[in-house]
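One structure below.
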Amino acid sequence: MRRQAITAIIGVAVSLIAGLLILWIQGYPALESYSALFSYSLLSKFAIVSTLSKATPLILTGLSAAVAFGSNSVNLGQPGQFLIGAMAVAAFGIHVNLPAAAMIPLSIAAAMAAGALCAGIAAGLRRKFNMDEFITTLMLNFIADYFTLYLISGPMWDRTTYSPMTKMTNPSAWLPMWGGLSSALFVALTAFAVTLVLWNRSKLGYEWRVMGRNPVFSRVGGCRNDANFVMAMLLSGALAGLAGGLLVMGGMQHRFVKGMGAGYAWDGVMIAIVANSDMLPTGLYALFFAAIQTGAMGMEMETRVPSEFTLVLQAITVLFVVASRESAGVIMNRLAGAVRARRAERITIASEDGRNAPGN
């Protein structure tokens, strides 16, 4: 864990330096741009709240991809599962009106169930017809996209608006705000903690991890790969669906709007790749990506550096972290070996000095 953290810190630091050089070569005030970027994302209460709000769906979509990739299940259907989860919460919140104590947990359950169902279709097709989930999850994204577009353009369209969107959900389905921060963040952190414990401290998580590293070894060792594959896909879909549902429950509009959540799902896939499908680094990278995305507009206002520069910075981070992961591991192994050899040499010398001392 410490080695992964050091590798991640080195990769992020190198990518930030590379971004600094790009700004300087392009003739922008590099240091002032970085100062504005992090000032607008981290150095005030409003900035921190904005960054944490941005991080909420990224944490969940990143976890969704990490669970899938780490267990050798290629789920690329996060965009569709995100939309289906959001639509499930919107439909439930419009047509059901219960007290908030029941409405909120039921809405969360609806979002997770909808996302899991969407991913479960791909898992079922894999089990039944041996269809590659890489293809089916991608194709299901289109189905989810057009299905939700049909709903908000027809049966669920709020006729009082001029663009496709549903009606607002009942207020009892809205997540409370605390000091400007939506409690959706705490739901996401709870999901993160549960997934972290499940992944690292349970028999099921161990089998998922072994299956991700060597499916043949896990099968020979007695793990039920087929059942584990389905469960990993369901959990992955549920997390992506929860991300979409929380955007409706904890957002500002409390309805399903055309184009909502664009980019969150693919950013989550990118975060999981950078984090090498490890849970804790996934959460940390989600916060980092949220910070630079939040500060982008402030940087543009202060220094006229286009906010799209953050996309370049994200791409550089992915390239540097992924490309340096193996080489950094080799270097750190050599350093650790040299330290252990030096320590053993000192112990040997001390032991020989003790035997040669007068009186022995």
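Taking the accessible area of the chain, probe 1.4 Å, and keeping the other protein chains in place, the carbon and sulfur fraction comes to 67%. Under the shape rule built on the C-alpha gyration tensor, where the axes satisfy a ≥ b ≥ c, segment 122-248 is oblate, since a/c reaches at least 1.5 while a/b does not exceed b/c.
Stretching the chain fully between F217 and L21 yields a gain of 66.0 nm (0.36 nm per residue, less the alpha carbon separation). Anisotropy class assigned to segment 218-360 is oblate, per the alpha carbon gyration tensor with a/c at or over the 1.5 cut-off and a/b no larger than b/c. Close amide-amide hydrogen proximity is noted between L76 and T137, L138, each under 5 Å apart and 5 or more residues distant or on a separate chain (H modeled in the peptide plane; Pro and chain starts excluded). Across segment 308-324, rounded Karplus estimates of 3J(HN,Hα) from the backbone phi angles (6.51 cos²θ - 1.76 cosθ + 1.60, θ = phi - 60°) give 5, 4, 5, 5, 5, 5, 4, 5, 5, 4, 4, 4, 5, 5, 5, 5, 8 Hz, Gly and Pro being marked x. Shown in residue order for segment 61-76 are the 3J(HN,Hα) couplings computed by the Karplus curve 6.51 cos²θ - 1.76 cosθ + 1.60 at θ = phi - 60°: 5, x, 4, 4, 5, 5, 4, 5, 5, x, 10, 6, 10, 8, 9, 10 Hz (x for Gly and Pro). Would you please classify the overall shape of segment 196-243 from the alpha carbon gyration tensor, given that a ≥ b ≥ c denote the square roots of the eigenvalues, rounded means a/c under 1.5, and beyond that prolate means a/b larger than b/c while oblate covers the rest? The shape class here is prolate.
By how many degrees, between 0 and 90 and to the nearest 10, does the Cα long axis of helix 100-129 differ from the longest principal axis of the chain? Around 70 degrees separate the two axes. If R0 equals 41 Å, the separation of the Cβ atoms of L106 and A13 corresponds to a calculated FRET efficiency of about 0.40. Principal-axis analysis of the Cα atoms of the chain puts helix 2-25 at an angle of about 70° to the longest axis. The heavy atoms of F256 offer some 10 square angstrom of accessible surface to a 1.4 angstrom probe.
Give me the net charge of A188's neighbourhood, meaning all other residues with Cβ under 15 Å from the Cβ of A188; Lys, Arg count +1, Asp, Glu -1. Taking every Cβ under 15 Å from that of A188, the sum is 0. Rolling a 1.4 Å probe across the protein heavy atoms gives the chain an accessible surface of 50 Å² per residue. Peptides 57-68, 257-268, 175-186, 81-92 ranked from most to least packed by the mean count of surrounding Cβ atoms within 10 Å: 57-68, 81-92, 257-268, 175-186. Toward the positive end of the charge dipole of segment 202-360, about the Cα centre and with charges on Cβ (Lys, Arg +1; Asp, Glu -1), which of M279, F229, V257 goes farthest? Comparing the listed Cα positions along the dipole, F229 ranks first. Note on E308: accessible area approximately 110 square angstrom, rounded to 10, probe 1.4 Å, nucleic acids and ligands left out.
Helices in the chain, meaning DSSP H runs of at least 4 residues, each add -39500 (n - 2.57). Divided by all residues, the mean residue ellipticity at 222 nm is -26500 deg cm²/dmol.
In sequence order, segment 181-195 has phi-based couplings of 9, 6, 6, 4, 4, 6, 5, 5, 5, 5, 4, 5, 5, 5, 5 Hz under the Karplus curve 6.51 cos²θ - 1.76 cosθ + 1.60, θ = phi - 60°, and Gly or Pro positions carry x. Which lysines does K258 reach when only Cα atoms under 29 Å apart count, and residues fewer than 8 places away in its own chain are ignored? Cross-link targets: K54, K167.
Angle of helix 279-303 to the longest C-alpha principal axis of the chain, folded into 0 to 90 degrees and rounded to 10: 70°. When peptides 340-352, 35-47 are sorted by average Cβ neighbour count within 10 Å, with the highest value leading, the order is 35-47, 340-352. Potential lengthening of the chain between F134 and K258 amounts to 42.1 nm, from the contour at 0.36 nm per residue minus the alpha-carbon distance.
Among residues other than S218 with Cβ under 13 Å from its Cβ, the summed charge is +3 (Lys and Arg +1, Asp and Glu -1). With K and R counted +1 and D and E -1, the other residues having a Cβ less than 14 Å from that of E133 yield a net charge of +1.
The values are calculated or read from the model by the stated rules, or taken from the named source; none is laboratory data. Predicted, not measured: the structure shown is a model, and the values here were computed from it. For neighbour counting, all protein chains shown are included, and Cβ atoms are generated from backbone atoms with ideal geometry for every residue, glycine included. Ligands, DNA and RNA are excluded from the accessible area calculation, which covers all protein heavy atoms including side chains. Shrake-Rupley method; radii C 1.70, N 1.55, O 1.52, S 1.80 Å.
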